[in-house]
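Quick notes on the structure that follows.
The values are calculated or read from the model by the stated rules, or taken from the named source; none is laboratory data. What you are looking at is a predicted structure, and each value in this text was computed from that prediction instead of being measured. Neighbour counts are summed over all protein chains in view; Cβ atoms, including those assigned to glycine, are modelled from backbone coordinates with ideal geometry.
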Amino acid sequence: MKHFSNENIDNIARIDRWQKGRQKAFKAIPSTGKTFKYLGKEFLLYPGTFWPFVDSQPLVRNFRIKPEDSVLDIGTGSGVIAIFACYQGASKVLAVDINPSAIKSAKHNAKLHGFDKIMQVKNSDLFQKIKDIQFDVITANLPFRNKFAHDVVAQSQWDTDFKTNARFFEEVGHYLKPNGRIYFAQSNFGGVQEMKVLAKAAGFSVRAIGSAAADQEETKKFFAFVMKRIAARKPT
Ligand SMILES: C[S@@+](CC[C@H](N)C(=O)[O-])C[C@H]1O[C@@H](n2cnc3c(N)ncnc32)[C@H](O)[C@@H]1O
């Protein structure tokens, strides 16, 4: 049986309140949009789009994109990860999301940074609208927590029954080149262990490449992982 201490329950309640407040703030953005700074660069958000935070920074600070790499960014939100992949020299970037407001924000930001010829933005539930293309790199900062999401804004933070994360790992192998790599974000209040189990079951190795905390007490800590196909053993 799982044991929940009072401290755990208090912490879960605090994270719930904080995330609900963030969802309210995403919705309260004016219809003309709001400018924000992320890792020293300016971006624009339309109402209902996930507001970038420390969560994606270990991934963006530690991913390596080679100039000839093609990149697929799943759950792009405002497009920050995809745009930093462009800055690293990616040859082609496809960014997808289910939230129409995120699509509008990411398209705007691709143009703002002069990458609209390299970066395409599409409405797609995970890989649904992606035909038979394989990418060198797949990036994802999906909702971290296994928690019921009542609307598309909540779906930026919560994943009902962890189904989106499970589907991601069931399907990702089809869209990744044989020597490709996945860069994936998670958090100390999210499903890190579940993620590792899903990735390994799908045939991927998992290695931590970075972390960052949003507060001194490290109650909100974020991680980035790189995942690669586990090479099949040669018969002896
Ligand atoms: C934690 S936010 C990350 C946004 C952005 N990548 C960032 O790092 O700031 C998760 C994003 O995943 C999107 N999302 C959730 N479920 C999805 C799905 N099934 N397919 C595509 N995108 C999804 C959400 O709409 C949201 O924009």
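Brief remarks on what is shown
- In segment 176-236, counting only strands (runs of 3 or more DSSP E) that sit wholly within it, the ones holding 3 or more residues that are surrounded by fewer than 18 Cβ atoms within 10 Å (Cβ to Cβ) and over 16 Å from the mean Cα position of the chain (by Cα) span 176-187, 204-213.
- Pick from segment 173-196, criterion in contact with a helix residue (DSSP H, G or I) (Cβ under 9 Å, 6 or more places away or on another chain) and aliphatic (A, V, I, L, M), ranking: farthest from D159 (Cα to Cα): I182
- Enumeration of residues in segment 24-44 that are in contact with a strand residue (DSSP E or B) (Cβ under 8 Å, 6 or more places away or on another chain) and over 20 Å from H150 (Cα atoms): G33, K34, T35, F36, K37, E42, F43, L44
- Residues located in segment 57-80, provided they are assigned to a strand (DSSP E or B) and of a type outside the set (D, E): S70, V71, L72, I74
- Restricting attention to segment 148-164 and to residues that are part of a loop (DSSP other than H, G, I, E, B) and touching a residue at least 60 places away in the same chain (Cβ under 8 Å), the residue that is farthest from the ligand (Cβ to nearest atom) turns out to be V153.
- Contact map, segment 70-94: first residue farther than 14 Å from R181 by Cβ, second residue within 12 Å of the ligand (Cβ to nearest atom) and among the basic types (K, R), Cβ cut-off under 7 Å, separation 6 or more or different chains; pairs are L94/K122.
- When segment 86-102 is limited to residues that are among the small types (G, A, S) and surrounded by 18 or more Cβ atoms within 10 Å (Cβ to Cβ), the one that is farthest from the ligand (Cβ to nearest atom) turns out to be A90.
- The residue that is farthest from V71 (Cα to Cα), counting only those in segment 103-119 that are touching a helix residue (DSSP H, G or I) at 6+ places or on another chain (Cβ under 8 Å) and more than 12 Å from the ligand (Cβ to nearest atom), is H113.
- Test: F36 is modelled with pLDDT of 90 or more, in a strand (DSSP E or B) and touching a Ser or Thr at 6+ places or on another chain (Cβ under 6 Å): no
- Meets criteria (more than 16 Å from Y175 (Cβ to Cβ), more than 9 Å from the ligand (Cβ to nearest atom) and not in a loop (DSSP other than H, G, I, E, B)) for I83: yes
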